[in-house]
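*Asks:* I have a structure I would like to understand better, so I am pasting it below and will then ask my questions one at a time.
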Amino acid sequence: MSKNTLIIGAGGVGNVVAFKCAMNKDTFGNITLASRTLSKCDSIAKNIKDKIGISIDIASVDADDTNEVVKLIQTTKADIVINVALPYQDLTIMDACIATKVDYLDTANYEHPDTAKFEYKEQWAKDGTFKEAGIMGLLGSGFDPGATNMFCAYAQKHYFDEIHTIDILDCNAGDHGYPFATNFNPEINLREVSAKGRYWENGEWIETEPMEIMQVWDYPEVGPKDSYLLYHEEMESLVKHIKGLKRIRFFMTFGQSYLTHMKCLENVGMLGIKEVEHKGMKIVPIEFLSTLLPDPASLGPRTKGKTNIGIVAEGLKDGKKRKIYIYQVKDHEECYAEVMSQGVSYTTGVPAMIGAKLILDGIWSGKGVFNMEQLDPNPFMELMNTQGLPWKIKEMEA
Ligand code: NDP
């Protein structure tokens, strides 16, 4: 029987998910793309029709309102909801899935608009109600989180008896030609990178000042780049699920120009998340900044260069030390040629489609709320190779 797929969020990532689901129509059946702004859905639907000749439906929805999402799930008869709106909508969309007994998937963990802190607590708390509803919730099926969790699970399954340390290494060496722009939603991106850093060692979280720890990493096909320690959400679930883990850290590359702009914006208060009064109007500085900055979806045709995201794991196999590097390199222009998006949206949207495909095809199943590494990594890793994100493994000197 033909399936129905509902995608919520018509931003940079939503564009890629809609394209890739349409390219895999055998699995996804009737596809509806819904967002607050119908014109954004319309322009994506037109691009898909023009480029690959497939029609998708569109709808408008305010996903902050659970009832609106419930109604949309009912009218589209969705078998799965792929949430690529903002992290603020995770809980309302999950509640709508519970009410309608429909599987759920997202790419970023819940964050309250008034607190720049993201954690899985509230989504994990829905495990019981997902089980009672007999549905599956897949959390963090983007690249990081997402593919990086799969790389860790794959390493654990095939390469190690125990993994002692993991470094997640995220490099975007793309150049969009703007003095300052973010590659995904500006508000979410700036909240993440201006926050204090954190890593996990010997059972404890250790906090650092923002950008306090830097290492230079030589990224294959990209070259050496300054990489800064950040807190990133996949670490919260990986510390629970990777056997023998003693330390996990996350590093992301930033150029000097990006850091200088960010520091300056922070110093003048433009990254503030609390309301301020301006000429009798209430505004949130970071929201206003987000309006001024280029829309990430508009970076597609301008961005050149590559992304390289991977993990380095060290541990023991058959009593011997081992160290491996699993990574994926993607070219921004290649992404644009395929789906009219830059590489950051592409590397997020493809894993979202793959996670949803594995659920709809019945290859991944389960009742409750899951992080990626709790599922078998093999089918996901195979689909990465055939759906545009081929990866490599390198043995390193332990
Ligand atoms: P964009 O800002 O480009 O797009 C977000 C979309 O969500 C917008 O089109 C917006 O709608 C829509 N939206 C926001 N609020 C609502 C609402 N209340 N109801 C309905 N739609 C809404 O962001 P991106 O596409 O760059 O990012 C999408 C998600 O992907 C984010 O959660 C981000 O954190 C995540 N992400 C995950 C990554 C990973 O590797 N795991 C990496 C990068 C991003 P409209 O414009 O119609 O108002």
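*Asks:* Tally the residues that are farther than 20 Å from GLY29 by Cβ and within 11 Å of the ligand (Cβ to nearest atom), restricting the search to region 44-65.
*Replies:* 5
*Asks:* I'm checking my understanding of the structure. Among residues of region 277-305 that are among the small types (Gly, Ala, Ser) and outside any helix (DSSP H, G or I), which one is farthest from ASP114 (Cα to Cα)?
*Replies:* Going residue by residue through region 277-305, those that are among the small types (Gly, Ala, Ser) are 280, 290, 297-298, 300, 305.
With outside any helix (DSSP H, G or I) added as a condition, the list becomes 280, 305.
On the way: GLY280: 21, GLY305: 35 Å.
Here the answer is GLY305.
*Asks:* For VAL81, all conditions in the list (1) part of a loop (DSSP other than H, G, I, E, B); (2) under 14 Å from ALA352 (Cβ atoms); (3) of a type outside the set (Phe, Trp, Tyr) hold save one; what is the number of the exception?
*Replies:* (1)
*Asks:* What residue, among those in region 81-113 that are more than 17 Å from the chain's Cα centre (by Cα) and within 11 Å of the ligand (Cβ to nearest atom), is farthest from ASP127 (Cα to Cα)?
*Replies:* PRO113
*Asks:* Right, something else. Find all pairs meeting these conditions: Cβ atoms under 9 angstrom apart; at least six residues apart or on different chains; first residue within region 177-197 and in a helix (DSSP H, G or I); second residue surrounded by 21 or more Cβ atoms within 10 Å (Cβ to Cβ) and polar (S, T, N, Q).
*Replies:* ILE188/THR182; ASN189/THR182; ASN189/ASN183; LEU190/THR182; VAL193/THR182
*Asks:* Now, a different point. Mind listing just one residue for me: the one in region 11-37 that is near the ligand (Cβ under 8 Å from one of its atoms) and in contact with a strand residue (DSSP E or B) (Cβ under 8 Å, 6 or more places away or on another chain) and, of those, nearest to THR348 (Cα to Cα)?
*Replies:* VAL13
*Asks:* Can I ask one more? Output the residues belonging to region 181-204 that are more than 16 Å from the ligand (Cβ to nearest atom) and within 23 Å of the chain's Cα centre (by Cα).
*Replies:* The answer is LYS196, GLY197, ARG198, TYR199, TRP200.
*Asks:* Report the residue count in region 167-217 for those that are among the β-branched types (Val, Ile, Thr) and closer than 27 Å to GLY9 by Cβ.
*Replies:* Result for region 167-217: 4.
Each value in this text was obtained by applying a stated rule to the coordinates, not by laboratory testing. As the structure is a prediction and not an experimental result, all values here were calculated from the model. Cβ sites come from the backbone with ideal geometry, for glycine too, and all protein chains shown count toward neighbours.
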